Structures are given as structure tokens and as C-alpha cells.
Amino acid sequence: MIVSFDSSMKIERRSIAETFRICCMRVYNHPAPEDLALGLILNALSDPVRLDIVRHLSRVTEATCGELQGGRPKSSMSHHFRILREAGLVRTRVVGTVHQNTLRRAELDSRFQGLLDAILKQMP
């Protein structure tokens, strides 16, 4: 039996591959605002790299992981972003192959009013 593929089959195959890639994209969990814990936040901000990431995000609307990497190894940055996400400081959304990060400022301010401002006002 000979099977031939025409151009419509190729389009269909790409469509299936694209659907698979979309379905398998990483989705990150972020704690709800009421679950934010002061100890986790302070622990996350105790590292200079993570504090630098939060400072940068406080000045912009959104930044990619690459923009925040600063020449550091990708594996260490993945660890730092995970700690920041689990503490509730950063929200990461996946757009294709890019990870966009935002500071959860409004949620943090509603839970711990003035905390982030006090931390960010300290000398870098």
C-alpha cells in the first residue's frame, strides 16, 4: 500500500504539531493573594539576585527572563524565578517560547501594605 501526502496533509500535520505544543506549554502555579506568607517573601528577597530582579520589575511593566538574566547561568535564574513565584512576588506567563514576568505589586500591597515600598527604598 502506497500512501501519498499532498500539501493539505502537511498543513494538517503542522496544525496538529502546533496544537500539541500549545497544549504542552508550561503553566506556572502562583499562590493566591490570601496565601502570601511574609516569611516566604522575606526569604525570597534575602538573596541579592532575587532582590535585583524585583527592583527591575518594579520599574517596568513586564520583562522576559532573558532581560533579567544579567549574564547569570540559566539554571540559577530558573531557581531564582521559582523562589520568587512560590513566594508570590512574581507572576510568570508563557508566550510562545518566551516567559514574561511581572511584579505582583497590587496583590502584595493589598496583603502587606507598605512592605514592598520599604524594601525597594533601601540602597541597592
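Using 7 Å Cα-to-Cβ label points, what is the residue 49/residue 26 separation (nm, one decimal)?
1.4
Between residue 64 and residue 106, what is 0.36 nm times their sequence separation minus the Cα-Cα distance? Round to one decimal in nm.
Net length gain for the segment: 13.1 nm.
Just to be sure I understand the model, the point goes 7 Å from the Cα along the line to the Cβ. What's the resulting residue 56 to residue 75 distance in nm?
Label-label distance for residue 56 and residue 75, simple model: 2.0 nm.
How large is ³J(HN,Hα) for each residue in segment 70-81, as worked out from phi by the Karplus curve 6.51 cos²θ - 1.76 cosθ + 1.60 (θ = phi - 60°), to whole Hz, x for Gly and Pro?
Computed from phi, the couplings for segment 70-81 are x, x, 7, x, 4, 5, 5, 5, 4, 4, 4, 5 Hz.
Express the relative contact order of segment 27-120 as a whole percentage, based on alpha carbon pairs under 8 Å and six or more residues apart in sequence.
Working: 102 pairs, mean separation 34.3, N = 94.
Computed over segment 27-120, the figure is 37 percent.
Given charges of +1 on the Cβ of Lys and Arg and -1 on the Cβ of Asp and Glu, with all other atoms neutral, how large is the dipole of segment 27-120 about its Cα centre, in debye to the nearest 20?
260
What residues qualify as long-range amide H neighbours of residue 64, i.e. H under 5 Å apart, gap of 5 or more or another chain, H built at 1.01 Å from N?
Here the answer is 101, since their amide H atoms fall under 5 Å of that of residue 64.
Label points 7 Å out from Cα along the Cβ direction at residue 113 and residue 93: separation in nm?
The two pseudo-label positions are separated by 2.8 nm.
Bear in mind that the values in this text are calculations on the coordinates, not laboratory data. Note that the coordinates shown come from a computational prediction; the quantities given were computed from them, not determined experimentally. Ideal geometry is used to build each Cβ from the backbone, glycine not excepted, and the neighbour counts take in all protein chains shown.
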